[in-house]
Amino acid sequence: MADLETLVIAEGSEWETTVYDVRTLQAWSERSGPDRTGPPAFIFWHHSVSWCPVDDPAGQLAWLTQHIHSGTYGWPYQFACFPNAQRSIFYLNDVDTMRPHTAKHNHDSVAICAIGNYETTEPDGVLPGVMWHLSNALRVMWGEEIPVRSHRDVYATACPGRHLHEALVELRRG
């Protein structure tokens, strides 16, 4: 993984976050509209419902690549967070591009996806914090108090799973 590029978001702030920048390695999903400029109106949390059996970033990237066609749209999220000892975050798609991830909000939002099924399984004690930390790093980067929501808040779905949703809502409450 030494050749895999990283990117620091909100550098120097309390929310500084390092992500693996894999945007140029392949097309992770199709665009669903024109690019957006400026901050998004929302940040949405999702879950993949599928599990990745490996803990190392190289294996996780291979898993993402192998499973890109498992869903209708590939990996339409801007970020994918893995529940493992290394807390890997992959930056998949530009934050300014429209992707098909949150019905009626593809054009005005950024999506963060937790890898795993959190409708049936509780997240580990760290994953919700990693997602919250990344959400705040993005808010600092844009200099805006962008609302952070679960997919289920705007669409009839279980996403990001009841267990992860509960943990994230607790963090959002402060």
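The values are calculated or read from the model by the stated rules, or taken from the named source; none is laboratory data. What you are looking at is a predicted structure, and each value in this text was computed from that prediction instead of being measured. All Cβ positions, glycine included, derive from the backbone under ideal geometry; neighbour counts span all protein chains shown. Note: accessible area is taken over every heavy atom of the protein model, side chains too, but ligands, DNA and RNA are not part of it. Shrake-Rupley method; radii C 1.70, N 1.55, O 1.52, S 1.80 Å.
Looking at segment 119-163, which of its residues are part of a helix (DSSP H, G or I), open to solvent by 60 Å² or more (accessible area, probe 1.4 Å) and more than 13 Å from residue 15 (Cβ to Cβ)? Please lay out each step first, then the result.
In the first step, residues of segment 119-163 are kept if they are part of a helix (DSSP H, G or I); the result is 127-142, 151-153, 162-163.
Among the residues that remain, those that are also open to solvent by 60 Å² or more (accessible area, probe 1.4 Å) are: 140-141, 152-153, 162.
The answer is 152, 153, 162.
So which residues in segment 1-42 are touching a His at 6+ places or on another chain (Cβ under 7 Å) and among the aromatic types (Phe, Trp, Tyr), if there are any at all? Don't jump to the end; show me each part of the working.
So the first thing to find is which residues in segment 1-42 are touching a His at 6+ places or on another chain (Cβ under 7 Å), and the list is 15, 17, 33, 36, 42.
Residues satisfying the conditions are 15, 42.
Of all the residues that make up segment 104-118, how many are over 11 Å from the mean Cα position of the chain (by Cα), in a loop (DSSP other than H, G, I, E, B) and touching a residue at least 60 places away in the same chain (Cβ under 8 Å)? If you could, list the steps in order and put the result at the bottom.
At the first step, the residues of segment 104-118 found to be over 11 Å from the mean Cα position of the chain (by Cα) are 104-109, 116-118.
Cutting the leftovers down to in a loop (DSSP other than H, G, I, E, B) gives us 104-108, 116-118.
Next, only the ones that are touching a residue at least 60 places away in the same chain (Cβ under 8 Å) stay: 105-108, 116-118.
Residues that pass the stated criteria total 7.
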Counted residues, segment 4-26 - those being open to solvent by 80 Å² or more (accessible area, probe 1.4 Å) and not hydroxyl-bearing (Ser, Thr, Tyr): 5
Within segment 1-103, strands (runs of 3 or more DSSP E) holding 2 or more residues that are of a type in the set (A, V, I, L, M), under 16 Å from the mean Cα position of the chain (by Cα) and farther than 23 Å from residue 163 by Cβ: 6-9
Subset of segment 87-104 [touching a helix residue (DSSP H, G or I) at 6+ places or on another chain (Cβ under 6 Å) and either among the charged types (D, E, K, R) or surrounded by fewer than 17 Cβ atoms within 10 Å (Cβ to Cβ) (or both)]: 87
Within segment 31-44, considering residues that are of a type outside the set (Val, Ile, Thr) and surrounded by 13 or more Cβ atoms within 10 Å (Cβ to Cβ), the one nearest to residue 113 (Cα to Cα): 44
Residue among 57, 83, 76 that is open to solvent by 30 Å² or more (accessible area, probe 1.4 Å), under 21 Å from residue 134 (Cβ atoms) and touching a residue at least 24 places away in the same chain (Cβ under 8 Å): 83
Where a residue in segment 148-174 is touching a residue at least 40 places away in the same chain (Cβ under 8 Å) and of a type in the set (Lys, Arg) and its partner, wherever it lies, is open to solvent by less than 20 Å² (accessible area, probe 1.4 Å) and part of a helix (DSSP H, G or I), with Cβ under 9 Å and at least six apart: 172/135
